[in-house]
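Here the structure is laid out as structure tokens; the discussion comes afterwards.
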Amino acid sequence: MQNAIKERPPPIVVSEAEYERLTGLAEAALDRLPEAAGSLLAEMDRATVAAPDAIPSDVVRMGSTVSLRGAEGTQRVTLVYPGEADIAAGKVSVLTPLGAALIGVKAGESISWARRDGRALTLEVVSVEPPVEQGRMS
């Protein structure tokens, strides 16, 4: 069974601090969650790293709330670190296939990933709300 998505993913951009934290998180999770950690590391490998003030407001960052549209309708999710994840509250961990696919993309782009059963899913990022607490990320 092949889980790779053949479409070329959209370019992504992340802040320096998020790059460091997410790379460390993924490396630490490789033994426990090899697929999810591998997906996140692959995203970090292809990311453009920029200063926090150089990242456009419509780019998905940690803490961003995102409106998504797919075959099953629309949904709103907030991208969070694993300890904050709560599917019932719409808080999606960056260490999930959806979370890893979301980081760094911007409104108007589509993301694709393979489910565990191998079925490809695609969602369009309709809008991005910046994190409520931006804090100093450097």
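The values are calculated or read from the model by the stated rules, or taken from the named source; none is laboratory data. Since the structure is predicted, the reported quantities are computational estimates derived from the model, not experimental observations. Glycine gets a Cβ as well: all are built from the backbone with ideal geometry, and neighbour counts include every protein chain shown.
Identify all residues within region 99-130 that are surrounded by fewer than 22 Cβ atoms within 10 Å (Cβ to Cβ) and assigned to a loop (DSSP other than H, G, I, E, B); write none if there are none.
If the condition is that a residue be surrounded by fewer than 22 Cβ atoms within 10 Å (Cβ to Cβ) and assigned to a loop (DSSP other than H, G, I, E, B), then Ala107, Gly108, Glu109, Arg115, Arg116, Asp117, Gly118, Arg119, Pro130 are the ones that fit.
Using the structure shown, decide if Leu68 is closer than 14 Å to Ile111 by Cα, surrounded by 14 or more Cβ atoms within 10 Å (Cβ to Cβ) and either more than 11 Å from the chain's Cα centre (by Cα) or of a type outside the set (Gly, Ala, Ser) (or both).
It is true that Leu68 is closer than 14 Å to Ile111 by Cα, surrounded by 14 or more Cβ atoms within 10 Å (Cβ to Cβ) and either more than 11 Å from the chain's Cα centre (by Cα) or of a type outside the set (Gly, Ala, Ser) (or both).
List the residue pairs whose Cβ atoms are under 9 Å apart, where the first residue sits in region 13-33 and is touching a residue at least 40 places away in the same chain (Cβ under 8 Å), the second is surrounded by 15 or more Cβ atoms within 10 Å (Cβ to Cβ) and of a type in the set (Lys, Arg), and the two are 6 or more positions apart or on different chains.
Close Cβ pairs (under 9 Å, with a partner that is surrounded by 15 or more Cβ atoms within 10 Å (Cβ to Cβ) and of a type in the set (Lys, Arg)) amount to Val13/Lys106; Val14/Arg61; Ser15/Arg61; Glu18/Arg61.
Filtering region 56-77 down to residues that are in contact with an Asp or Glu (Cβ under 9 Å, 6 or more places away or on another chain) and of a type in the set (A, V, I, L, M), which residue is farthest from Leu25 (Cα to Cα)?
So, considering only residues that are in contact with an Asp or Glu (Cβ under 9 Å, 6 or more places away or on another chain) and of a type in the set (A, V, I, L, M), the one farthest from Leu25 (Cα to Cα) is Leu68.
Consider Gly63 carefully, then state whether it is more than 21 Å from Leu123 (Cβ to Cβ) and modelled with pLDDT of 95 or more. Before you say what the answer is, go through the steps one by one.
Details: more than 21 Å from Leu123 (Cβ to Cβ): no; modelled with pLDDT of 95 or more: yes.
For Gly63, the condition - more than 21 Å from Leu123 (Cβ to Cβ) and modelled with pLDDT of 95 or more - is not met.
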